[in-house]
Every structure is written in C-alpha cells, then in structure tokens.
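What follows is a set of notes on a single structure, which appears directly below.
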Amino acid sequence: MKKTVYSICGMCTVRCPIRVEVENNRVSWIEGNPHLMDHALCARGSAGVALLDDDERPQQPLIRDGGRGAGRWRQVSWPTAYDYITEKLKKIKKEYGPESVVLSSRGGPWQSMYKTFIHAYGSPNYTNHDCTCGRNTHHASMSLNGVGRKGFAYDIKNTRHLVLFGRNYFASLQIAQGNQILDMLDNGGRLTYVDVRQTMTGVKADRFFLVRPGTDYALALAVIHEVIKRNLYPKDFIDKYVSDFDELCAFAEEYTPAWAAKECGIKEKAIMAFVDELAEDMPKVIFHPGWNLSRYKDSFYVSRALHILNVLMGNIETEGGLFIPKGPGDCGKKGIRILDCPKPDIKRGDGVGWKYTHFDKGPGLAHLFFEAMRSKSENPYPIKAWIAMRHDPFCGMPEPQRQKLLFDRCDLLVSIDTQYSEFGWYSDVILPESSYLERDNPICLQKGAKPRLIVRRKAVEPKYDTKPSWEIFKQLADRLDISEYFPYNTIEDLYAWQLEGTGYTIRDFEEKGFIDLCDEPIPLYEADRLKDQFKTPSGKIEIISKRLTDAGLPSLKPYEAPDKPVRGMFRLLYGRSAVHTHGHTINNPLLEELMPANTLWINKRAAAKLGIKDGDLLDVTASDASYSGTIHAYVTEFIHPEAVYTVHGFGRQIPLQTRSYHAGLSDQKLMSGKLDDWDKAGGAINLCEAFVFVQRSMRNPKRRIEL
Amino acid sequence: MNKYLIHLNSKRCIGCHACEVHCKINKNLPVGPILCEISHKPLKSVKGVPKTEFSFRSCYHCDDPFCVPVCPVGAMIKRADGIVYVDQEKCIGCMACAGACPWTIPQLNPQTNKAIKCDYCLERVDQGLKPACVTKCTTHALKFLCLTEI
C-alpha cells in the first residue's frame, strides 16, 4: 500500500515542507511539497532515505560505562535511562539548586517545548546554538529596529537589486529563497556579491567584490557615505521613523569610497558604479543583513550597517524590499497554543539580563556559561549539568579540547540527538531521538506575507528503539513532577490542545500538509501604520541605541582595520556546502559519497610561495600548536591571499561513524583561544578571527615503492 | 528518433548535486553507481566576476547505441521512443555494455550485480511524470523536453 505523508524536512534547519511517499513502512520518494515548492528538494533532502537506513546512529538509549569519551556504552531501556537522568537531576537540584542545569537546543519553531521543560524544572538557563550563528544579526536588528532578525522578511522575488555580504545563498541553501533569487535574475534583476572568495552564489552575480577578510564594514560604511552624499535616501521616511540620522551623517563623513577601496583592496570606480546602480534600483534594493555573522570582531556593526543601508534604500515595508511578516492576527485568526512555562526569577548563569543587559534574554549566550563553569567567584552559582537537545557544543563552538575540561566539572551531560554528536560521544547519557521521518513534531506557525500553520508528521515507524522528543520530554517531566506543563499523553492530544479554539483539527493538514491562514497575501502596511512596528524605546528606528550606550558601547563604531596574518600564517575561514549541513550529515552514506572530506582553499600566489600545489596534503596547525590536522589543498586564484577556507563540520572523531571518522579537517579545533573571543556588542563568538600555520605536509609521498 | 531530452539551464544551476541523489533514491541505489552527473568548468573571470558553466550528463540514449547489440542476453533494449534501458530480469551483470559504450555509461549495481543506467525513469515517464532528477531539481534548472519532428 502506497501512502502520501506531508511533513517537514529535517536534514537542515531550513525545514522545507516535503511530501513523502511510503510503501510498506519504507520511504520510496521524498520531494518538496508540490503546493509550496513545486517538488524542488536539495541533495540532503533526498538523502533523508539514507539516514533512515543508516545503522551508524544510536539505536537505543546509552549510558556511559567507561570514562567520558572512551566510547564504552551500556545499552539500556528507555525507563532505565529516564530514571537515571531523573535521579541525577533531582540530586543536582537538591545539592546545587535547579539553576545549575543548562539546556541547549537548536533554535527554531520547536524550542518552546525544551524551554518549557527547563523552566518548569526550575532553571532559567535555556540556551541555543545561536552564539555561533545569527546572534550578531539578531542583536543588530534589535538595537536598530527593536525587533529581531526575523522581524523582517525579504521580498527577493520582486526586488531589482540584491546585495549579499558573504551570504552564500546557494551553499547555505534555502530552496524557496534560492529560487526567488534565480527568478529575480531571470527577470533582469541584479545581484551584487561581496566575499573573500568566489562561491556558488558569487558566480551568479553581476558585480563581485573580492574584499580583504574583515573589511566588510569599510565597504558598507563607504556605501552609506556615498548614499548620504548623493542625497539618495528617502527623507520623508527618515524624518518620520528614524532617530539620530544627523549623527549617522556626521559619522559616515570620513568613510569615503576612495578610503574603502584601499582598505578592502577593490577599485573605487567599482564602488561608485555600484552606488550608481543602487540609485537606479531604489527602493527595490535589498541589503541582506547577514545570517551566520558570528565571524569578525566587528560583524555586529557590519550587520547594523547593512540594516541601516536598507533604511537608506527606503525599502522598509515595500514591494521588492523588506516587509514585516504577517501573523494570524493580520488574518483575523486566532493563533495556536504552544507549550509554555514562565521563566524562573533567578539570574541567568550566562550573565545575560543582569551582567549583560543589552542582549536578548530568550536564549542567552551559550558560550558565556563556560565562565560560570570556570570560576565560582564571579558567578552566582556553578553549572553542574548540561542537556544538549540536538545541539553539539563541540562541533559548533571553538576549542572542544578546552570545553571538555570545563564540562568535566559537570555531574551530568545528556545528549538528545538523532545521531552521535561529538558532545554526545563525550556525554553520560545518549537519548536517541527518532529521525525526522520517524517522528511527529508539534504544529508550528510560519509567519510571512501569507501566514500558515504547518506540521511534521511521522512517515514511517522508527527503525530502531528511538523516541520522538515530545515523548522524551513528557516522560522526563512526569518523573520530575512537572507534567502539568505537558498537557498531553499522545501527539494527538497535543495537536488538539494546540488547535483548541482555532476551528481547525489535525485532519485539516492532511490535504496539503499545511493550512493557509488567509487566501491572498496580506497587503503591505500603509506607510502611516508603521509607527507601532519598531519596538525600540522611542518607537523609531534608532541610529543611536540607548541600550548600547547604557552598556558603554558605541552605536556607530569607528572602523578598525583587521589584523594582518604574520608570515606563514593565514586567517582561517569556514563555510558551507550545499551537500552537507555542518557536522550533521557528514556520515550520511549518500552525502559522504558526494563529499567525503573538505579541502583547504588557498590562494594561488600564496600557495606558490609555500611550494604548495593543488591536491597536495597540507598540515594546518593552530596558532599555539595545540592542534594540527591534515587536509588536501585546493589552490585557486579566487580567494584572498590572507585567508584559507574550509567547509565546517568535518574531522569528526566518533569511531562508530566509520565514514566520517577523521575524514577531513575540523576548523573549530584549530581556533586556539577563540572560546573566549566574543563580540561584546553582538554577543556572538568571533569564529573568523583565528590564524593558522599552513605548510606542505611531510606526508606527501616522495617515492613510491611497490615491492 | 529519440523523443526525449534532458536539458540543463546553466544560468539556474547552482551545482548542488541534488539531481544525482534524487536519481539514486528513485532507483534505490547503494553507494557506488551515480547515473547522472553535474560538473562545471574551472572558474574564469568575466568582466570582473569569476563565472562558470555547468553541464549535466547522464546517458545519451544514442540513436544507434553500441550497448544494445553487444548485450549477450538482450537485456539492453531501445524503446520506440528512444529510451535505452536495462531489463533487470534478463541482465546477467557481464557489463559488456559498459565496455561497448564510448563513455562507459552503464554501471554495476553492487547490490544486485546487474547493470544499471539512466532510463529517464521510464516508469515515471510512462505515468506521464518527469524523471526524478528533473522533477525535484532544486532550482528547476533541469527540463525534460519532448521532441517533435518538424
């Protein structure tokens, strides 16, 4: 019997809507939901089938038997694992207080469940991976617009000019947005791409700036300077909705295109021509404010500058510009219920909210918990347990070697994941979550021009003894006497509870996999309705943010040139490929076949000086020589000579993942000292501020003796 | 006369290799055989922007295929609409077809020990659908063209 299941992909966190065909509990076909994606799906989406069949994933709950990381596991039943964790959590609560437990997860639509759990347990310490992802962009938007980075969506399809500062859309792939870009280009739109190397996105561009690493801010400031100088900005909008614009004008005065051209290593003429194009295309110009901007010491300010450029383009709430995503209220509908428990009134262990008042208290900042682990004196309480819900601190954050020493001070480390994560391998308990094709997830709301409700439904029964997260947290909650916050026994109960009062039932999702909350896209807000949309103290877009000022931070930071690597060293940069999702998919059989290892991009001239040829094995060594790895060279003229680049997620060290074991190089292990190198204004870790030694490896064969 | 053709719009292709996996999943193939391939030329600077051209290759479904007559058991068949396919029931996995093909297109499926090659997903085509690679192409860069004689 063939059946169709509409669901949501789980191969990366874009979560594309999918349609799955199942025959005899086997997935025979996955495609993008035809109602939304016209069947389009990426390589990872299709390779979900290989994930199902993969036996190199945890198949039942595991409790550590040997030392941490030794890989000696006792296979236990689910009740045994739940009881083990419950007992430990109760003991920790008694000895150190509930606040000494941290729960980290991936961001996204389902975090309310995990947050509810940890809040109900009594700890305020919910956190997520975003300090190594979009936190700088998020905080930049908060400081300027009063709303987070998802407070605006981008009408890429109708724009005339999309400007991307390192936002590599076709590798960090979002299928729907990617198609919008290509449609826009097919319709004669323009794409400008700024990066330190050429990428799959850059090859589609009309204008390409190969800039010196860490100088994005200079280029953005020069464009601001030139737009103001030429009086291109929308005066009415700025008078009405922007505060302290004069300060911006005075600040940008000195950052001329001629200066930026020198700083970035590009041509002044090209910047001028670019601004000419902007003048033609305004207001249908979008400066993408970045996503994973946890990169340079000034990335927060780069994102602020890009947000400011959007304001200067006059594109806020316009066609072909930025628009405010609409929700159920705009459709005259009632929203769905999500699990919730008020945050306990205890200071956060990461200092967010009391020591650092300018950050979003929601998920805080994961890396700042290490401070609390390190010293007791400065912090109100110790951190004694960490539950990682599909988050891998060792893969996401720098220096897993150092992190391990800090995690050793914890009495309990739990990993809940569909796969073995680097953190999971080091933890005390692994609770194997069913893969996304084997589990249901709560209903979620997707805001946008046409808001909708969408749900992930189980396509097949779990192959191994794995459980969905809604059941794992329910079971733990029952044992910890906090089950009132989890008002369900089955997923059907949960769906009914979520949809109560909306007039919908879960059966309404069966036809297309989602429910549109309105028939036609909601029209853009009228210009005079915008004044309630910026949730800043003044209700305006704030060039000078009081929150930053109060924290002793500038809102308009003067430019500082990035450090130059010393001889023999390079700035280590990381990125994505369209066929892998960081460390998550490296061991997937079909994706491993496409890309078994990463390579190190190195500039042709820089390589020649070091006697490195394309394909050579290279030794890459951390600045303090604490770690060294071997990787093949990819020699190209299309990367800046100061930088080397690699795809993140490789160099995994989990013996049970035979395909990915020691395949390629792990960038985060090379980032010596970078666990503490974070952006005081944006909160994210500066992942692109590490320098490494690169040399031709001794392991390159000199002779070959066969017999 | 071949009726069908798969065309790649290089302007829309982003080299994501999804087509290769879509094909393998539809054919239930293990690691090893890859029946269609995306490749691109080395980057070359055009007006200051490093550019490249993408190409898609599967089987050419030749008008007069060498692989068909060489098959000792008549498992390699060319249909009236031009699709060259392997009859999995008959195939004995001798791979003579691969030797005869100038591009070594037919590959061995290590799970079944039989030859496998692109057949434009003929079961899908016969149902009025498009091949897997075209249907699910991430950016709709691949098109399945039905040729008509003029």
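The values are calculated or read from the model by the stated rules, or taken from the named source; none is laboratory data. All values reported here derive from a predicted model rather than from experimental measurement. Methodologically, a virtual Cβ is constructed for each residue, glycine included, from the backbone with ideal geometry; neighbour enumeration extends over all protein chains shown. The protein model used for the area step is the full one, side chains on, heavy atoms only, and it has no ligands, DNA or RNA in it. Shrake-Rupley method; radii C 1.70, N 1.55, O 1.52, S 1.80 Å.
Things to note:
- Fraction of antiparallel bridges per DSSP, the range A:599-703 only, in percent to nearest 5: 70
- Distance from the Cα centroid of the range A:351-376 to that of the range A:65-84 is 30 Å (rounded to whole angstrom).
- Put simply, the amide H of A:Ser104, placed in the peptide plane, has neighbours under 5 Å in A:Thr127, A:Ile387, A:Ala388, A:Met389, leaving out anything fewer than 5 places away on its chain.
- Spin-label proximity, A:Gln401 to the range A:618-636 - amide N less than 19 Å from point 7 Å beyond Cα toward beta carbon: A:618-631
- For the range A:25-42, backbone phi angles converted through the Karplus equation (6.51, -1.76, 1.60; θ = phi - 60°) give residue-by-residue couplings of 6, 10, 7, 9, 6, 10, 9, x, 3, x, 6, 10, 10, 6, 6, 5, 8, 8 Hz, Gly and Pro being listed as x.
- Global form of the protein assembly as shown, assessed from the alpha-carbon gyration tensor, a/c cut-off 1.5: rounded
- Our summary gives chain A a relative contact order of 19 percent, counting only alpha carbon pairs under 8 angstrom and 6 or more residues apart.
- Residue order by solvent-accessible surface for A:Glu592, A:Glu317 is A:Glu592, A:Glu317, largest first, with ligands and nucleic acids left out and a 1.4 Å probe.
- Relative contact order, percent, the range B:4-146 [alpha-carbon distance under 8 Å, six or more residues apart]: 31
- In loop segments of the range A:51-139 as defined by DSSP, there are no GluC sites (Glu not before Pro) with at most 13 further C-beta atoms inside 10 Å of their C-beta.
- Helices in chain A, meaning DSSP H runs of at least 4 residues, each add -39500 (n - 2.57). Divided by all residues, the mean residue ellipticity at 222 nm is -7500 deg cm²/dmol.
- Between B:Ile77 and B:Leu5, the contour length at 0.36 nm per residue exceeds the alpha carbon distance by 24.2 nm.
- Phi angles of the range B:129-145 translate, via the Karplus equation with coefficients 6.51, -1.76, 1.60 and θ = phi - 60°, into HN-Hα couplings of 9, 9, x, 4, 4, 6, 3, 9, 3, 3, 10, 6, 7, 8, 10, 9, 9 Hz per residue; Gly and Pro are given as x.
- Kirkwood hydrodynamic radius of the range A:153-323, Cα pairs, Å: 15.9
- Here's how it looks for A:Ser577: its modeled amide H is under 5 Å from those of A:His582, which are all 5 or more places away or on a different chain.
- Sparse-neighbour loop sites [GluC sites (Glu not before Pro); the range A:221-265; at most 16 other C-beta within 10 Å; DSSP]: A:Glu253, A:Glu254
- Beta bridges per DSSP, both residues in the protein assembly as shown: antiparallel share near 60 percent.
- Highest average packing first - A:16-25, A:635-644, Cβ atoms within 10 Å: A:635-644, A:16-25
- 22 Å Cα-Cα threshold exceeded, pairs from A:Lys115/A:Lys450; A:Lys115/A:Lys326; A:Lys347/A:Lys680: A:Lys115/A:Lys450; A:Lys115/A:Lys326
- Of all aspartates and glutamates in the structure, the ones whose alpha carbon falls short of 19 Å from that of A:Lys702, not counting any fewer than 8 places away in one chain, are A:Asp614, A:Asp616, A:Asp619.
- Averaged over B:24-35, number of beta-carbon atoms from partner chains that fall within 10 Å: 4
- Spin-label pair B:Leu43-A:Asp236: with each label point 7 Å from Cα along the Cα-Cβ axis, the two points sit 4.3 nm from one another.
- Which of A:Thr502, A:Thr490 is most accessible, then next, and so on - probe 1.4 Å: A:Thr490, A:Thr502
- Efficiency of FRET from Cβ geometry, A:Glu254 and A:Arg605, R₀ 51 Å, rounded to 0.05: 0.95
- Both numbers refer to the Cα atoms of the range A:571-643; Rg and Dmax are 13.6, 38 Å.
- Global geometry of the range A:569-696, whether rounded, prolate or oblate, following the gyration tensor of its Cα atoms and the 1.5 cut on a/c: oblate
- Reducing the range B:17-60 and the range A:482-509 to their Cα centroids gives an inter-centroid distance of 44 Å.
- Alpha-carbon centroids, the range A:658-707 and the range B:68-106: separation in whole Å: 47
- Radius 11 Å from Cβ of A:Val196, net charge of other residues (Lys, Arg +1; Asp, Glu -1): +1
- Simple point charges give the picture: +1 on the Cβ of Lys and Arg, -1 on the Cβ of Asp and Glu, and for the protein assembly as shown a dipole about the Cα centre of about 1380 debye.
- Take A:199-206, A:173-180, A:545-552 and order them by the average number of nearby Cβ atoms within 10 Å per residue, most first; the result is A:199-206, A:173-180, A:545-552.
- Calculated FRET value between A:Tyr96 and B:Thr148, using beta carbons and R₀ = 56 Å, to 0.05: 0.15
- With each label modelled as a point 7 angstrom along the Cα→C-beta vector, the A:Glu500-A:Glu520 pair spans 3.6 nm.
- Distant-in-sequence amide H partners of A:Arg68 (H built 1.01 Å from N, under 5 Å): none
- Chymotrypsin sites (Phe, Trp or Tyr not before Pro) restricted to the range A:204-256 and DSSP loop, no more than 12 other C-beta within 10 Å: none
- Residue pairs, from the table A:Lys467/A:Lys674; A:Lys93/A:Lys674; A:Lys262/B:Lys47; A:Lys204/A:Lys604, whose Cα atoms sit over 28 Å apart: A:Lys467/A:Lys674; A:Lys93/A:Lys674
- Inter-site label distance for A:Asp528 and B:Trp103 at 7 Å from Cα along Cβ, in nm: 6.5
- Derived scalar couplings ³J(HN,Hα) [the range A:500-513; Karplus, 6.51 cos²θ - 1.76 cosθ + 1.60; whole Hz; x for Gly, Pro]: 3, x, 8, x, 9, 10, 4, 5, 5, 7, 5, 5, 10, x
- In this calculation the C-beta distance from B:Asp87 to A:Ser375 is compared with R0 = 56 Å, giving a FRET efficiency of 0.20.
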